[in-house]
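The next block holds one structure in the form of structure tokens; read it before the comments.
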Amino acid sequence: MYIDTLLSEADWLITEEDYHPEKNQFYETLFTLANGYVGARGSLEQGSQTGSPGTYFAGVYDPTPVFFTELANAPNWLNVKIVANNESIELEKGRILEYKRTLDMKKGLLTQIFRWEGAKGQITRFEDYRLVHLNYKHVALLKGVIVPENYDGPFVVKSGLNGYVFNTGVIEQLLIKHFKLTEYEDREAEGIYLEMKSRLSGISVGEASKLKLSVPSERSVEIDVDKITEVLTFEAKKGQAYEFEKYVTFYTSRDVEDVKFHTLKELNTRVDQGSEVLLREHVSAWEQKWLDADVKIHGDEVAQRSLRFNIFHLIQSANEDDDRVSIPAKALHGEGYRGHIFWDTEIFMLPFFIYTNPRAARSLLMYRYHNLDAARENARIQGYKGAQFPWESADTGLETTPKELGNPLTGETVRIWTGEEEHHIVADVAYAVDHYYVATGDEQFLLKYGAEILLETARFWASRVQYDDRKKAYVIKKVIGPDEFHEHVDNNIYTNYMAKWNISKALEYIDRLKQKHTDSWDKLKKKIVLSSREIREWKTIANNLYLPYDEKTKLYEEFEGYFKLKEIDISGVDSTGLEKIVKDTKWIKQADVVMLHYLLGDYFDQETKKVNFHYYKRWTTHSSSLSPSIYAIMGIEVGNYRDVYQDFMRSTRIDLDDEQGNTSIGIHAASLGGAWQVAINGFAGMRIKNGMLSFKPWLPEKWGKLEFKVKWWGETLNVAITHETVELKLETTDPTRTVEVNIAQRVWRVKGGETCVISVCSQ
Ligand code: IFM
């Protein structure tokens, strides 16, 4: 009655229609609300026995056994519990007469409606919405109504801040409590306050809340272990609707020195502002985000809603105001991968930010820059030079990949080699720096930070290669490529090519700096102590890096010896069996050679891409969520359209359909970015060619139109694609501002104030 009037149109909504306790953790991930600063899993405010509530502050890590450090689960501020006429409302106990939760992606709200009948036959209706404020990053709000439908009696509403929370440990049964209580306070008319400190990293988290009701009530406060609860009691009358509001604020000692002062001050300000204003400003902040980031698909509602789900969670996960944090592989949505950061961010998510919110993209890259010294230390530890970005990164930028893990399928301990061997991450970060610069023209970033990353990563590769006398080339031995099924391999083509690219790019930027920015060049050269001899060595290495390629077949060998591996049928093999045999077979986990052909598209001809796509597609299991999106994009590029739509939908719905069976532990953030890239780089065929944007669209038959915006060198380009045309328009009306775009082998100059309609044929 109340919430439904708040909700947006159907293609903006994700709905949980019935209550299934066993699905609580799955929905907690899908319904996570975040703002890049904090993420709160979509747990029920009433609590449940099967849920796994989580509040994660970006950058708040605490050491833990095996995994080095993890994103620490902070006090849960969500709970609002009701005792209606002496009966506690618990969904698992009574009879649920009606139930619906809805994620409104347009407005950034999670709503809940239920009607519940307790053992005494009392029927209560509950409706509320919650938000984690997009503008005011330290604020959250819950607001709703409670109606006793067929009874009168005393009503108790309890609103808690609960610090008795844990992270799941190495094994599920082992729980780790990262925070210890430092302070709580009943501030009476000003609500309640709880402050806790992480045990080993020593970060304080302050949370304050105030519960308000639409009727006069009696107030008390309950104190439990690590928990403070505000309790309001009143006499409820049958059929009356009682409104409640819970205002919540939070700060950490990462942000401010006086955590308590800021948390309480923020609470007073927001309570004074009131929920209507907070809601309005939150919704309008989301509206602004969507103006830049929405991708409209005409003629396919499921695809539309699914793609928006990916974009929604991407927007939620970045904090453009904090350049010391990045987006973990499971974002702020769960504890999978312990909140660690992988190449997922730079290669899969970053493009979305580069083209829709360059400031956020810059912040994500600055996280790597701030950790450059740690990357130098990683290289030193492993016996290399330059900067080695860790395969798994957290707060300090030191390597945080666990060395071994228990395999839940077999009970065996598995040695993890990725931290020591998956070195392509180094070139992936360099690639991201170049991508950002080429698309934004952010010279200041390049000169102050980007160039240093490019050069130090090149230096890493120069120390990582070794000369092979027999091959008369430089080789890279003992690595893991993107296909993690095969470990300790030599000359993984993805790694070698990206290393060659990394060194060559660094050399290109050196020339550019020498010519155009002598001061910056002199400073940088001095800072990193780079000699002319070293630069000459880099040239030799880049020109002589071994790249396994068969001229006759045009096939790149994923790594040396790959072509000789077994070609066996694995259709009947279960995952335990597969793990044991897969290393001796051609089966691969995810796009590897095909990934290379996507990222460095200009370096390979069409025929080579096509041949390799066909060859590797057959052996790709897509066991990683990072894979289907890349095959969808490259399927379009090489004209193999058969599975494109299916791969696209698979990548948009990895979490919505719990495709990998582990959505409960967090969102597949790389796949969020991958899905966006299929829309833009796949269907719209967007690429950068010789420093210029280009489009080569292909749309699924049932799609009438694809519309989106991209930021390019400070301009915003509106793109609308149909089966026949590409329509381009600059957001500015200033005719002196232009963007050049390459479509159908021609350069089109789009001027401010003009619409450019170009005829193409996508089928
Ligand atoms: O980075 C990925 C990797 O490519 C495949 N395994 C999971 C990692 C984190 O998402």
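Across 599, 398, 291, the residue with the most accessible area heads the list, and the full order at a 1.4 Å probe is 291, 398, 599. The accessible-area ordering, largest first, of the residues 55, 733 stands as 733, 55, per a 1.4 angstrom probe. If you wrap the tightest convex hull around every Cα atom of the stretch 1-76 and split its volume per residue, you get 144 Å³.
Using only the alpha carbon atoms of the stretch 316-362, find the Kirkwood hydrodynamic radius as the inverse mean reciprocal pair distance, in angstroms to one decimal. One decimal place: 10.9 Å for the Kirkwood radius. With 5 Å bins beginning at zero, the pair-distance distribution over Cα atoms of the stretch 610-662 amounts to 4, 21, 31, 24, 12, 6, 2 %. Principal-axis analysis of the Cα atoms of the chain puts helix 301-317 at an angle of about 90° to the longest axis. By the Cα gyration tensor, the stretch 569-714 has an equivalent ellipsoid whose semi-axes, rounded to whole angstrom, run 28, 19, 14 from largest to smallest. Relative to its Kirkwood radius, the Cα radius of gyration of the stretch 509-634 gives an Rg/Rh of 1.14.
Provide the per residue accessible area, probe 1.4 Å, for the chain, rounded to a whole number of square angstrom.
38
Under the Kirkwood approximation applied to all pairs of distinct alpha-carbon atoms, what is the hydrodynamic radius of the stretch 36-166 in Å? Taking the inverse mean of 1/r over all distinct Cα pairs, the stretch 36-166 comes out at 16.3 Å.
Here the stretch 213-370 yields Rg over Rh of 1.05, to two decimals, using C-alpha coordinates and the Kirkwood radius. Compared with the dominant Cα axis of the chain, that is its longest principal axis, helix 628-638 is turned about 40°.
Rounded to the nearest 10 degrees, the angle from helix 259-273 to the longest Cα principal axis of the chain is 70 degrees.
Residues whose amide H falls under 5 Å from that of residue 712, counting only those 5 or more places apart or on a different chain, are 717, with hydrogens built in the peptide plane. Rounded to the nearest whole Hz, the Karplus-based 3J(HN,Hα) values (6.51 cos²θ - 1.76 cosθ + 1.60, θ = phi - 60°) of the stretch 365-376 follow the sequence 6, 5, 4, 5, 4, 4, 9, 5, 5, 5, 5, 5, with x at glycine and proline. Packing-based ranking of 562-569, 242-249 yields 242-249, 562-569, ordered from highest to lowest mean Cβ neighbour count within 10 Å. Within the stretch 671-763, the proportion of C-alpha pairs whose separation exceeds 17 Å stands at 46%. Apply the Debye scattering formula to the stretch 575-626, with a single equal point scatterer on each alpha-carbon and no solvent, then give log10 I(q)/I(0) at q = 0.13, 0.24, 0.25 Å⁻¹. Treating every Cα as an identical point scatterer, log10 I(q)/I(0) equals -0.36, -0.91, -0.95.
Accessible surface of residue 213, taken over heavy atoms with a 1.4 Å probe and every protein chain present, rounds to 40 Å².
For the set 552, 609, the ranking by accessible area, highest first and with no ligand, DNA or RNA atoms included, is 552, 609 under a 1.4 Å probe. Percent of Cα-Cα pairs more than 11 Å apart in the stretch 16-58, please. Summing the P(r) of the stretch 16-58 above 11 Å gives 62 percent of all pairs. Largest first, the three principal axis extents of the alpha carbons in the stretch 282-380 are 54, 25, 22 Å in whole numbers. Note that the stretch 10-17 has calculated 3J(HN,Hα) couplings of 4, 6, 10, 10, 10, 10, 9, 8 Hz, one per residue in order, obtained from phi through the Karplus relation 6.51 cos²θ - 1.76 cosθ + 1.60 (θ = phi - 60°); glycine and proline are x. Average projection, convex hull of the Cα set of the chain: 33.6 square nanometres. Taking square-rooted eigenvalues a ≥ b ≥ c of the alpha carbon gyration tensor, is the stretch 124-168 rounded, prolate or oblate, where a/c under 1.5 means rounded and, failing that, a/b exceeding b/c means prolate? It is oblate, given that a/c is not under 1.5 and a/b is not larger than b/c.
Remark: the stretch 548-557, residue by residue, has Karplus-estimated 3J(HN,Hα) of x, 8, 9, 3, 5, 8, 6, 8, 8, 7 Hz, where x stands for each Gly or Pro and the curve is 6.51 cos²θ - 1.76 cosθ + 1.60 at θ = phi - 60°.
Per-residue SASA remark: residue 254, around 80 Å² accessible (1.4 Å probe; ligands, DNA and RNA not included). Across the accessible surface of the chain, with the other protein chains kept in place and a 1.4 Å probe, carbon and sulfur atoms take up 48 percent. By a 1.4 Å probe calculation restricted to protein chains, residue 298 has an accessible surface near 70 Å², given to the nearest 10. Residues whose amide H comes within less than 5 Å of that of residue 99, counting only those at least five positions distant or on another chain, are 115 (H built at 1.01 Å from N in the peptide plane). Over 18 Å apart at the Cα level, from the set 564/586; 107/289; 689/751; 505/689; 403/478; 137/246, are 689/751.
The values are calculated or read from the model by the stated rules, or taken from the named source; none is laboratory data. Computed from a predicted model, the values in this text were never measured in an experiment. Neighbour counts are summed over all protein chains in view; Cβ atoms, including those assigned to glycine, are modelled from backbone coordinates with ideal geometry. Surface accessibility is based on the protein's heavy atoms, side chains included, excluding ligands, DNA and RNA. Shrake-Rupley method; radii C 1.70, N 1.55, O 1.52, S 1.80 Å.
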